[in-house]
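Engineer: Take a look at this one; I'll ask things after.
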Amino acid sequence: MFSLTSIFKGTGSNETFQMLTSDEYKSKIAQKGMLLIDVRTPEEYKNGHISNAKNINFFDTDFLIKILQLDASKPICIYCQSGMRSRKASYILSENGFKEIYDLKGGYLAWS
């Protein structure tokens, strides 16, 4: 069976995360112990979000501080509106010791 899951690995670094389709993402966030992070603005979050997602605004000046306070030993699912911010955030997480990162391909637009 063909999977649309992609794995990105940055050259010369330890960047690793998986891009998941909406269906794959739904299965992943249902797993026990999964952190679910929405990196959109509070306004975007207020207009609709995935249930149980924690909002950490990518554009906040303290974004890096907040994101690095998360438990790097836990798997993390991350998303934004269309996939651009969450991809950048996934690289940041990967570069800072997070080992199991799942990004929603197409973002919340693909979800809804």
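Engineer: Would you mind stating whether Leu70 is open to solvent by less than 40 Å² (accessible area, probe 1.4 Å), at pLDDT 95 or above and closer than 18 Å to Trp111 by Cα?
Structural biologist: Spelling it out, it is not the case that Leu70 is open to solvent by less than 40 Å² (accessible area, probe 1.4 Å), at pLDDT 95 or above and closer than 18 Å to Trp111 by Cα.
Engineer: Which pairs have Cβ atoms under 6 Å, sit 6 or more apart or on different chains, and link a residue in the stretch 67-92 that is under 17 Å from Lys28 (Cα atoms) to one that is open to solvent by 70 Å² or more (accessible area, probe 1.4 Å) and in a loop (DSSP other than H, G, I, E, B)?
Structural biologist: Sorted first by the residue in the stretch 67-92, then by its partner, the pairs are Pro75/Glu100.
Engineer: Please work out which residue is nearest to Gly106 (Cα to Cα), limiting yourself to the stretch 53-65 and to residues that are over 13 Å from the mean Cα position of the chain (by Cα) and open to solvent by 80 Å² or more (accessible area, probe 1.4 Å).
Structural biologist: Residues of the stretch 53-65 over 13 Å from the mean Cα position of the chain (by Cα): 59-65.
This time we only want the ones that are open to solvent by 80 Å² or more (accessible area, probe 1.4 Å), so: 59, 61, 64-65.
Details: Phe59: 19, Thr61: 25, Leu64: 23, Ile65: 26 Å.
Checked the stretch 53-65; the qualifying residue nearest to Gly106 (Cα to Cα) is Phe59.
Engineer: In the set Gln81, Gln69, which member is under 14 Å from the mean Cα position of the chain (by Cα) and more than 11 Å from Phe17 (Cβ to Cβ)?
Structural biologist: Values: Gln69 fails: under 14 Å from the mean Cα position of the chain (by Cα).
Result: Gln81 is the single residue among Gln81, Gln69 that is under 14 Å from the mean Cα position of the chain (by Cα) and more than 11 Å from Phe17 (Cβ to Cβ).
Engineer: Within the stretch 93-107, how many residues turn out to be assigned to a loop (DSSP other than H, G, I, E, B), closer than 15 Å to Glu24 by Cβ and touching a Ser or Thr at 6+ places or on another chain (Cβ under 8 Å)?
Structural biologist: 2
Engineer: Another question about this same structure. Quick check on my filter: what residues within the stretch 12-52 are within 20 Å of Ala110 (Cβ to Cβ), among the charged types (D, E, K, R) and open to solvent by less than 30 Å² (accessible area, probe 1.4 Å)?
Structural biologist: Asp38, Arg40
Engineer: Additional query: Take the conditions crowded, with 19+ Cβ neighbours inside 10 Å and under 12 Å from the mean Cα position of the chain (by Cα) and apply them to Ser94. Does it pass?
Structural biologist: Yes; evaluated as a whole, the condition is true for this residue.
The values are calculated or read from the model by the stated rules, or taken from the named source; none is laboratory data. Being a predicted model, the structure only gives us computed values, none of them experimental. As a convention, Cβ positions derive from the backbone with ideal geometry for all residues, glycine included, and neighbour counts pool all protein chains shown. Only protein heavy atoms, including side chains, enter the accessible area calculation; ligands, DNA and RNA are left aside. Shrake-Rupley method; radii C 1.70, N 1.55, O 1.52, S 1.80 Å.
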